[in-house]
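Where a number appears in this text, it was derived from the coordinates with a stated rule and is not lab data. Given the structure is predicted, the values throughout are model-derived calculations rather than measurements. Glycine also receives a Cβ, built like all others from the backbone with ideal geometry; neighbour counts cover every protein chain displayed.
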Amino acid sequence: MAASFASKCSRVGHSLFGGLGNSLSGLVTTSQEIICNKFLSQQQQQRSFIQMRTVLKVVDNSGAKKVMCIQPLKGRKGARLGDTIIASVKEAHPNGKVKKGKVVYGVVMRAAMQKGRCDGSEVKFDDNAVVLVDKQGQPIGTRVFGPVPHELRMKKHVKILTLAGHIA
Amino acid sequence: MRLEKCWFCSSTVYPGHGIQFVRNDAKIFRFCRSKCHKNFKMKRNPRKVKWTKAYRRLHGKDMTQDSTFEFERKRNRPERYDRNLAEDVLKAIPKIDKIRVRREEKHHKNRMKGNKAKLLKEAARELEQGINLVKPPSVLQKDPSLTLPQIKVLVPQQQTEENRPMEE
């Protein structure tokens, strides 16, 4: 019941519910997520999905600096490492390909929430970062900064991998 | 498949265990379990945490330099598969382990060498100070030298016979 409510919250585009939805989905993940977020202790930082209203860092030279997720494509609870999202540019470099207020697609490059790998281990990064792509999945920028996960190869974002300096 | 070392405690991380944390400077930290991960998040220095291998090596509790460690060095060059080589390696691994364990035990014994003399000295002191806990003081007064063997003094009977006429 709580799960459906939370998912409905994320679907509905109400900014009011945005903050509530964040905390609720955090609680929901504890019961449903098998991987890690088991116990919600007040001291521990709860890492959750990338959902509506999540602000992400942009790590390519497309011109944008900060981007806010509007909609995670795929995923009822939110986007994870390697997923694509629709985002709105909140902060941009003055002279860049992308301007503030533009709606763009992005591929999640680094997520603070751990993602399970096929060998059974889990990876997590320091922050939430995204690379802007066009509708076809080709990156808008020409450079990518910081470490990039292996998961992109499975998602067929090979172009981004070739631009990467470090592959985590 | 690769057996990694935990960044915090230096134990081996087998596949399917642990979490990998990738920092934004592309440095990867691998942890064997959440204990090490949580200590890392607390920013504890493993060289100061007593139960880690780093502390033990630094403070000379464990062997630091040995030729058996050379076998476990990380090699980044992939080896071409050779069945004979693989067979030899599989045979050698338990032998090397045995030698390494034997050397570590010797190191431990050397470390604990001065202990027996110390223990004996302390035991003697404790006996001297606390003997009244074992035997009550009244018994001790009757026989002050309980530890010394009882010396039998032979009293010649002729002397007593001579004294008797004197007393009368």
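The table for this structure:
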quantity	calculated
Shielding score for B:23-32, defined as the mean number of other chain Cβ atoms within 10 Å	4
Set of lysines with alpha-carbon distance to residue B:118 below 30 Å, sequence-local pairs under 8 removed	B:48, B:50, B:53, B:61, B:106, B:109, B:135
Cα-only radius of gyration and Dmax that characterise region B:1-62, units Å	11.8, 35
Fluctuation leader among B:116, B:142, B:48 - chain B, Gaussian network, Cα springs under 10 angstrom	B:142
Cross-link partners of residue A:102 among aspartates and glutamates (Cα-Cα below 19 Å; sequence separation of 8 or more within a chain)	A:60, A:91, A:134
Fluctuation leader among B:99, B:151, B:19 - chain B, Gaussian network, Cα springs under 10 angstrom	B:151
Degrees between helix B:115-134 axis and first principal axis of chain B (Cα, 0 to 90, nearest 10)	40 degrees
Neighbouring partner chain Cβ atoms per residue of A:120-127, average, 10 Å criterion	6
Where labels lie 7 Å past Cα in the beta-carbon direction, separation of residue B:1 and residue B:152 in nm	7.7 nm
Among B:106, B:41, B:152: highest mean-square fluctuation, GNM of chain B, C-alpha pairs under 10 Å	B:152
Nearest 10 degrees, 0 to 90: helix B:83-111 Cα axis against chain B principal axis	30 degrees
Relative contact order (%) - criterion: Cα under 8 Å, at least six apart; region: chain B	12 percent
Shielding by other protein chains, A:139-150, mean Cβ within 10 Å	1
Chain B - mean residue ellipticity at 222 nm from DSSP helices (-39,500 (n - 2.57) per run, n ≥ 4, rounded to 500)	-15000 deg cm²/dmol
Against the rule of thumb 2.2 N^0.38 Å, how large the Cα Rg of region B:63-128 comes out	1.93
Listed peptides B:129-138, B:23-32, A:72-81, B:59-68 by packing density, highest first (mean Cβ within 10 Å)	A:72-81, B:23-32, B:59-68, B:129-138
